[in-house]
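Colleague: Got a structure here, written out as structure tokens. Questions coming.
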Amino acid sequence: MDHSFLSALVLLLLVLDPFGSLPIFISVLRQVEPARRARVALRETLIAFGVLVVFMLGGQHFLALMRLSERSLEVAGGVILLVIAMRMIFASGGEVYATGGEREPFVFPLAVPLLAGPSAMATVLLLASRQPDQLWTWMGAITAAMTISGIVLLAADWLRRLLGASMVAAIEKLMGLVLTAVAIEMMLAGLKRYFFGD
């Protein structure tokens with residue numbers, strides 16, 4: 001299936017799922033001083049953007065160098081998402097991603113794997129490998145998707161106050177259940193492609 005800019009943007013937004021990740025944004029940024037939250041959110045968004053662009057441009061070479069297949073990337077992404085989903089369901093918000101006391105997040109967990117996670121990496125890799133002549137289109141789609149994700153991340157604290165702690169906790173558990181299904185689907189798709197081909 002060939003993608004356009006719009007379909008690639010929608011696909012990336014579904015994979016990045018910034019609104020579904022909102023409870024994690026809130027729980028992680030709660031440990032950061034209020035004066036620094038906007039700066040941290042912007043920095044983590046830019047890091048995630050850079051990771052996805054690098055992976056889109058060089059991911060195929062990296063997989064070839066490491067002798068890894070897209071199928072293994074899909075299964076690995078599913079396993080990581082499943083672990084994250086289990087923590088979202090059974091742990092309290094602050095325990096989903098431990099960042100070490102009061103230390104502010106750097107790269108982990110906001111930039112990688114929350115924004116630029118295995119599923120996002122696999123998506124940009126597949127876009128670039130299937131339609132390599134459309135790299136500038138995919139670059140634009142990634143830029144737009146990360147801009148929207150960054151805006152949601154910047155507004156996380158305001159949304160927390162708007163929704164309230166109990167609503168955020170409920171959303172977190174619900175998104176954990178959805179993420180579990182997504183993780184299982186990714187693993188099954190990777191295994192199906194491994195055993196039965198595309």
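Colleague: Among the residues of the stretch 1-25, which ones are over 15 Å from the mean Cα position of the chain (by Cα) and either under 20 Å from Ala169 (Cβ atoms) or surrounded by fewer than 18 Cβ atoms within 10 Å (Cβ to Cβ) (or both)?
Modeller: Across the stretch 1-25, the qualifying residues are Met1, Asp2, Ser4, Phe5, Leu6, Ser7.
Colleague: Another one. Quick one: would you say Met175 is in contact (Cβ under 8 Å) with a residue 60 or more places away in the chain, under 23 Å from Leu63 (Cα atoms) and aliphatic (A, V, I, L, M)? Can you show your working first?
Modeller: Details: in contact (Cβ under 8 Å) with a residue 60 or more places away in the chain: yes; under 23 Å from Leu63 (Cα atoms): no; aliphatic (A, V, I, L, M): yes.
When the stated conditions are applied, Met175 does not pass them.
Colleague: For the stretch 35-69, how many residues are of a type in the set (Ser, Thr, Tyr) and exposed (fewer than 13 other Cβ atoms within 10 Å of the Cβ)? First the steps, then the outcome.
Modeller: Taking the stretch 35-69 as the starting set, the residues that turn out to be of a type in the set (Ser, Thr, Tyr) are 45, 69.
Still in the list and also exposed (fewer than 13 other Cβ atoms within 10 Å of the Cβ): none.
Residues flagged as of a type in the set (Ser, Thr, Tyr) and exposed (fewer than 13 other Cβ atoms within 10 Å of the Cβ) within the stretch 35-69 amount to 0.
Matching residues to (1) closer than 20 Å to Pro132 by Cβ; (2) among the hydrophobic types (A, V, I, L, M, F, W, C); (3) part of a helix (DSSP H, G or I):
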residue: His3; (1), (2), (3): yes, no, no
residue: Leu14; (1), (2), (3): no, yes, yes
residue: Phe19; (1), (2), (3): no, yes, no
residue: Pro23; (1), (2), (3): no, no, yes
residue: Ser27; (1), (2), (3): no, no, yes
residue: Gln31; (1), (2), (3): no, no, no
residue: Ala35; (1), (2), (3): no, yes, yes
residue: Ala41; (1), (2), (3): no, yes, yes
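Colleague: Which of (1) among the small types (Gly, Ala, Ser); (2) at pLDDT 75 or above; (3) under 19 Å from Arg37 (Cβ atoms); (4) surrounded by fewer than 17 Cβ atoms within 10 Å (Cβ to Cβ) does Ser72 not meet, given it meets every other one?
Modeller: So Ser72 meets the others, but not (3).
Colleague: Follow-up question, since we're still on this one. Does the stretch 67-87 hold any residues that are basic (Lys, Arg) and part of a loop (DSSP other than H, G, I, E, B), and which are they? Break it down stepwise before answering.
Modeller: Our first condition is that a residue be basic (Lys, Arg); within the stretch 67-87, this holds for 67, 71, 87.
Within the stretch 67-87, just Arg67 meets the criteria.
Colleague: While we're looking at this one, here's another question. Across the stretch 157-189, which residue is surrounded by the most Cβ atoms within 10 Å (Cβ to Cβ) among those that are modelled with pLDDT under 80 and closer than 23 Å to Phe55 by Cβ?
Modeller: Applying the filter and picking the extreme gives Met186.
Colleague: Which residues, counting only those in the stretch 129-156, are at pLDDT below 85 and part of a helix (DSSP H, G or I)? Talk me through it step by step, then tell me what you get.
Modeller: As a first pass, look at the stretch 129-156 and keep what is at pLDDT below 85: 129-132, 156.
Once the filter is applied, which keeps residues that are at pLDDT below 85 and part of a helix (DSSP H, G or I), the stretch 129-156 yields Ser129, Arg130, Pro132, Ala156.
Colleague: For a quick check of your reading of the model, give me the residue pairs whose first member lies in the stretch 113-135 and is over 17 Å from Ala189 (Cα atoms), whose second is acidic (Asp, Glu) and buried (at least 21 other Cβ atoms within 10 Å of the Cβ), with beta-carbon atoms closer than 8 Å and at least 6 apart or on different chains.
Modeller: Leu115/Glu44
The values are calculated or read from the model by the stated rules, or taken from the named source; none is laboratory data. Given the structure is predicted, the values throughout are model-derived calculations rather than measurements. Glycine also receives a Cβ, built like all others from the backbone with ideal geometry; neighbour counts cover every protein chain displayed.
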